[in-house]
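Derivation of every value follows stated rules applied to the coordinates shown; laboratory data play no part. Because the structure is a prediction, the values reported are computed rather than measured. Methodologically, a virtual Cβ is constructed for each residue, glycine included, from the backbone with ideal geometry; neighbour enumeration extends over all protein chains shown.
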Amino acid sequence: MNSNIIKFILNGNEVSYAGPAGARLLDVLREEFRLTGVKCGCSEGECGACAVIIDGMLANSCMVAMGRINGSHVMTIEGYAGTERFAALDKAYASVSAVQCGFCIPGMILASECILSKTPHPTEEQIRDGISGNLCRCTGYNAIVTAIMSASKEGNGLW
Amino acid sequence: MVNGYYPQSLKEALELRAACDAVPYSGGTDLMIQSNENTNYLFLHNVPELKRVSENHEYIRIGAGCTYTELIDHPLTPAILKEAVSQIAAPATRNFGTVGGNIGNGSAKADSALIFFVTDSILRLASSKSERLLPIKEFYLGRKQLALAPDELIVEILIPKTSLCSYYYKKVGARNAQAISRVCFAGLMDIVDGRIVKCATAFGAVSEVVLRLPDLDARLTGKTIAEAKAARPEFLKSYEQAIVPISGRISAEYRKDVCMNLLGDFLDTFGI
Amino acid sequence: MNISNSVTKKDHLPKMNGKALYVADYSTDGILFGRLFYSSKTRARILKVNIPVLPEGYLTVDKNDVPGENRVHIVMDDTPVFVDDTVEYIGDPILMVVGPDEDEVARLLSEITVDYEDLTPVLDISDPDATVFFDYHYGKGDVDKAFSEADKVYTEKFRTGRQEQAYLEPQGMIAEPHDGRITVHGSLQCPYYVHGAVAKAMGFEASRVQIKQDVTGGGFGGKEAFPSILACQVAVAAHKAGKPVRVIFGRREDMEFTSKRHPSLCTYKAAVKDGRITAMDIDVMYDGGAYTTLSAVVLQRGIICANGIYKMDNLRVHGRAIKTNTVPSGAYRGFGAPQTFFAVEMMMDHIAKDLKVEALAFKQAHIVVQGDETSTGGKYHFPVPVPEMIEEVDKASNFREKKKKYVRQTGRYRRGIGMSMVFHGAGFTGSGERDFIKAVVKLHKYADGTVEVLASNADIGQGLKTTFSKIVAHELNMPLERVIFHNPDTDRVPDSGPTVASRSLMIVGELLRRASINLLSDWVDGEDRIVEEHFTEPDFIIPFYLDRFHGDAYPTYAWSVSAIEVEVDTFTGLSKILGAWGSFDVGTPIDMNIVVGQMEGGFLQGIGYASIEQIDADRKGRIRNNSFSDYIIPTSMDVPNLNVMMHIEKYPLGPYGAKGAGEIPLVGAPGAYLEAMEQALEANLNYIPFSAEDTMKVLRGEVK
């Protein structure tokens, strides 16, 4: 089956994309859909700043070609930010001032969501492993780990 | 202008592979590093035959399109393979990277390829016209050179079930997570009634191709532990001579030292 | 109400929900894309640049297009906006290609070739042909006499490597020409530095230039001076094109071509008599790279700190910043101090070992106390809390017990623990605040009672939006939401100085506090009023003279004691960090969570500097590992046991007792890490980064 139009669900809405199937998801999200919460930190899948959630899985959008998400669900920070789970993470991250320069944060939040949706009550080690692909240069990671742990506890059955 | 193909079956995928000039896209996590939006891709993620994990009497069969995360979660995945793929990169890459892509990249640093080498796995390669089975050792011709015909796809990896449980694995990167291997080592040692029934070793990231020397390993096969202990110095010496690491930013001496240390530790672990 | 009580940061939400706009996030409608073309030669004369035929709407921009002076003002003015006749390093920017389609710009870039005439490069600071950019001497007492009377004289060399700041957001700038002016906005730390540079390169009066800081994704010094270069380049390009131009760096480009920490080679000589150090004679060499940029100031700080926290009546220090044909070195958290503090801590360790005394006790016997003279004949005017901090860290880490325990190890895994003690001079070196910066802040009280902070300091993640606002809100007894602080815009804010040198809270925060008191004293509801506050040098300061390196180099000091415990796997050379403990005195924390976050982040950067962060250059000086896959920075998995303790010694002239905080956490990490490695490997070590390979080399020596 060949198709020139790629259709997918973006932040809950059916959208379509008519450009090359080999274009990077990161570029399409930022430029076509103006979702600038998805950041470009390295273009090599090493830093996690471009992280999105595809069909429930954490993905580095710089390493995903548009054709791969044909028919998939894609969620960016903009789509996640309206959820109750986001509100719990927001509160937790705020309580320990885990946001410094903020560039890693959208990816970090989506990574937090993926950790907690797989393991609602993770150990610290599981949290650290879950964000091991999200580089942060500002915080030293402690506050972020504390925030995710606290969200899992205060989360009240959200995950 | 079409630049994406979305086969829904292996048959369709192979037909497209033969007919179109498109790059097979499994997980994309290696391919996309050098991405060019005008490349034609043959997207394989919807091909069910590439996603199967099953076992029969002889083999555990791993679909080439299985992602590392899928294999980590699958009950049939051998422990040695689980351990290796758990240490690849980080969660987002593991969610999309596939064993087929790992092999298809042709690198000697490929963490899953190391396991397939040490287990003497067999690749099932298919084209629209035919199919063949090829031991993985014969699939790698040299640095990033694979014995894959232009119309072929890697379909499955067949892992022989013998002696999979008694293993040793160590990946040495530059840091604790998300590190490309500088040296990786896998070993199988199956001892039954005090006698070695299988000894297999493989070294990754030291040569142009994963280093697997079954003739050297065979020198321990059939021996009792006491006999193997006596043969240990000779065994290590033969590897000392056989391992000639490539030198790059990481020195050959370092790689060599680590290889020999891990090999010695492997033997120690099993009382040899 | 205690000012240290943590609050929700003012910029928390937009950074959480993705709405915060960094420079690359602005709409590109009507904006042209620019990409820089760099020298591929280490040192060469340009004979000819061969440019392909340019389609309509595409242009190149080079030295001939610079309307003002083809120089970027960074302290001195030797950095070109675009290369003149010779390229001085691989990465020297020759020209920019500009146009409406990014891919087309990239394609044109790939077709440019240059005819070069090779010149002989210098890549080693020890090369006798190397140019010395800066050469300083200072000292006190009678060093030669002390050496002649010594029981023993020790000499050792120490090396440190380049370090990449690795801020997550790459460099980026957008320039827009309009109404006879040029507006440049982007990722930066020092709006007025950029302002001065752009005005000079454009040949414009100050009023024709506007610089605005965008939300900035980390800086750590890497965006102190470098943005001035990029800003000049985009401004010139936009001026030529008559349209806005944007340049956003890719990661590889950023890692390969932007400023990094100065590599160093230091030679320490120490005289010991009756078990005590009586003199030090220190030679410091920093690799400045191809242009001077900030090397003078980095070197000044490095040599002022050369004898560490130890009392040294007889001291001779010689420092040089040397040119090599490599990427110009620049500012990075610590700014010259980490290099010499590393060296002096290791020197003290090695001497103690030779004297067969415990290193900690040996160091303790030499620590300065309040009232002592500094290296430059100034004074430690305020308490030195290091002895108490040592006890805090020892208690938390069991340092002394482990130091005794990890001996005669023969197994596969070997452990070690190390401790370092350092200071960081808070604020600009010497009389810079008084003579150059002359900081001014304003507070604008609106009729509705909200108050806006007008200062040029940039929140780059360290929380200035929140801490500056907290100071004003606290003093005016107002809710935090009623205090406004926008990212600085030179059209709207006075020059309160750069966001560097751990000065923002201590100096500018204090000005805001005084301005607030001023505002409050004459508060009239409904009135619109602006108050201004100017920097005045505290009375107690012994004036500093740079020509003699004499006086108080800094008004006060932040202090830290760090301990790091490692476990080395002798089979692989890899080290696991079992724990890192740091006690930090930065005076009163203006916000506890924010300050602790800074300590944790800086401490981890220092650990990376000492261990896994290695920049490899080939024989031509080309940086080979220019991506996150092979320039390795710590992930969440690397130091799970990182512990920060705040020790509060209030500084009376800082706001509520606060003093410089940003840099101190990094400075002590390398000495602690390497001392731990020494214990694990039973060897004396003298360079960083110290990698798994280096570990293996030591072990190989032991085995064979």
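Looking at the square roots a ≥ b ≥ c of the eigenvalues of the Cα gyration tensor of the stretch A:81-154, which shape do they give, rounded for a/c under 1.5, prolate if a/b is larger than b/c, or oblate?
Cα axes put the stretch A:81-154 in the rounded bin.
If you keep only loop residues by DSSP, which trypsin sites (Lys or Arg not before Pro) in the stretch C:462-514 have at most 10 other Cβ atoms within 10 Å of their Cβ?
Here no loop site has a sparse enough neighbourhood.
How large is the charge dipole for the stretch A:6-76, taken about the Cα centre, if only the Cβ atoms of Lys, Arg (+1) and Asp, Glu (-1) carry charge, to the nearest 20 debye?
Magnitude of the dipole: close to 80 debye.
Take every Cα pair under 8 Å in the stretch B:1-137 that's 6+ residues apart, average their separations, divide by the length, and report that relative contact order as a whole percent. Don't skip to the answer; put the middle values down first.
Details: 214 pairs, mean separation 29.7, N = 137.
Answer for the stretch B:1-137 is 22 percent.
Across bins of 10 angstrom width beginning at 0, how are the C-alpha pair distances of the stretch B:167-269 distributed, in whole percent?
15, 48, 27, 9, 0
Taking H placed 1.01 Å from N in the peptide plane, check which residues at least 5 places from C:Ile632 or on another chain put their amide H under 5 Å from its amide H.
Here C:Gln614 satisfy the definition.
Over 21 Å between Cα atoms: which of B:Lys256/C:Lys403; C:Lys9/C:Lys260; A:Lys153/C:Lys19; C:Lys403/C:Lys576 fall into that group?
Working: B:Lys256/C:Lys403 32 Å; C:Lys9/C:Lys260 30 Å; A:Lys153/C:Lys19 27 Å; C:Lys403/C:Lys576 17 Å.
Cα-Cα > 21 Å for B:Lys256/C:Lys403; C:Lys9/C:Lys260; A:Lys153/C:Lys19; rest within.
Could you work out how much longer the chain between C:Glu205 and C:Val524 gets when fully extended? Use 0.36 nm per residue separation minus the Cα distance between them, nm to one decimal.
The span from C:Glu205 to C:Val524 would gain 111.1 nm if fully extended.
Which longest uninterrupted range of chain C lacks any GluC sites (Glu not before Pro) assigned by DSSP to a loop state (not H, G, I, E or B) and surrounded by at most 13 other Cβ atoms within 10 Å?
The reported range is C:206-526.
What's the longest piece of chain B with no exposed trypsin sites (Lys or Arg not before Pro), counting a site as exposed if DSSP puts it in a loop and it has at most 12 other beta carbons within 10 Å?
B:1-128
For a quick check of your reading of the filter: which chymotrypsin sites (Phe, Trp or Tyr not before Pro) in the stretch C:414-499 sit in a DSSP loop and have no more than 16 other Cβ atoms within 10 Å?
C:Tyr446
For the protein assembly as shown, with the dipole built from +1 on Lys and Arg beta-carbon atoms and -1 on Asp and Glu ones, taken about the Cα centre, which of C:Pro385, B:Pro150, C:His534 lies farthest toward the positive end?
B:Pro150
Could you list the GluC sites (Glu not before Pro) in the stretch B:1-72 that lie in coil according to DSSP, counting only those with at most 15 other Cβ atoms within 10 Å of their Cβ?
Passing sites in the stretch B:1-72 are B:Glu58.
Quick check on chain C: take the gyration tensor over C-alpha atoms, sort the square-rooted eigenvalues as a ≥ b ≥ c, and tell me if it's rounded (a/c under 1.5), prolate or oblate. Walk me through the intermediate numbers first.
Details: a/c = 1.70, a/b = 1.22, b/c = 1.39.
Oblate, since a/c reaches 1.5 and b/c is not below a/b.
Could you point to the residue in C:Val72, C:Ala106, C:Thr60 farthest towards the positive end of the stretch C:55-117's charge dipole, with +1 and -1 charges on the Cβ of Lys/Arg and Asp/Glu respectively?
Farthest along the dipole direction, towards plus: C:Val72.
Say the dipole of the stretch B:49-160 comes from +1 at the beta carbon of Lys and Arg and -1 at that of Asp and Glu; which of B:Ile122, B:Pro160, B:Asn95 then lies farthest toward its positive end?
With unit charges placed on the Cβ atoms, the residue in question is B:Asn95.
Stokes-Einstein diffusion coefficient for the protein assembly as shown at 25 °C in a medium of 0.890 mPa s, Rh from the Kirkwood formula over Cα pairs: what value in µm²/s?
79
Angle between the Cα long axis of helix A:84-95 and the longest principal axis of chain A, 0 to 90 degrees, nearest 10?
Compared with the principal axis, the helix lies near 50 degrees.
May I ask you to derive the FRET efficiency for C:Glu401 and A:Glu154 from their Cβ-Cβ distance with R0 = 51 Å, giving the value to the nearest 0.05?
So the FRET efficiency works out to roughly 0.85.
Would the stretch C:515-603 count as rounded, prolate or oblate if I go by the C-alpha gyration tensor, calling it rounded below 1.5 in a/c and otherwise prolate when a/b exceeds b/c, oblate otherwise?
Note, shape of the stretch C:515-603 comes out oblate.
Between C:Thr450 and C:Asp124, take the C-beta separation as r, use R0 = 35 Å, and let me know the FRET efficiency to the nearest 0.05.
The computed FRET efficiency comes out at 0.05.
Take every Cα pair under 8 Å in chain B that's 6+ residues apart, average their separations, divide by the length, and report that relative contact order as a whole percent. It would help to have the intermediate numbers written out before the result.
Working: 555 pairs, mean separation 41.6, N = 272.
That works out to 15 percent.
I'd like the Kirkwood hydrodynamic radius of chain A, using the inverse of the mean 1/r over distinct C-alpha pairs, in Å.
15.9
Students often get this wrong: which residues of the stretch C:89-121 have the backbone nitrogen under 17 Å from the point 7 angstrom along Cα-to-C-beta of C:Asn50?
Backbone N within reach: C:108-118.
Quick one: helix A:142-154 against the long Cα principal axis of chain A, what's the angle to the nearest 10°, folded into 0 to 90?
Taking the Cα atoms of chain A, the angle to A:142-154 is about 90 degrees.
Sort C:Ser40, C:Ser691 so that the residue with the fewest other Cβ atoms within 10 Å of its own Cβ comes first and the one with the most comes last. Please list the in-between numbers first.
Working: C:Ser40 16, C:Ser691 22.
Lowest to highest Cβ neighbour count: C:Ser40, C:Ser691.
Suppose every Lys and Arg Cβ carries +1 and every Asp and Glu Cβ carries -1, with no other charges. What dipole size does chain C come out with about its Cα centre, to the nearest 20 debye?
It comes to approximately 1420 debye.
Given R₀ = 25 Å, what would the calculated FRET efficiency be for A:Asp55 paired with B:Gln34, taking r from the Cβ atoms and rounding to 0.05?
Once the sixth-power term is evaluated, E becomes 0.50.
Measuring from a point 7 Å past the Cα of B:Asp265 along Cα-to-C-beta, which residues in the stretch B:80-95 have an amide N at less than 19 Å?
B:80-89
What percent does the relative contact order of chain C come to when contacts are Cα pairs within less than 8 Å and at least six residues apart?
Numbers: 1752 pairs, mean separation 111.0, N = 704.
Relative contact order for chain C comes out at 16 percent.
Calculate the dipole size of the protein assembly as shown relative to its Cα centre from +1 charges on Lys and Arg beta carbons and -1 charges on Asp and Glu beta carbons; express the result in debye to the nearest 20.
Dipole magnitude for the protein assembly as shown comes out near 2180 debye.
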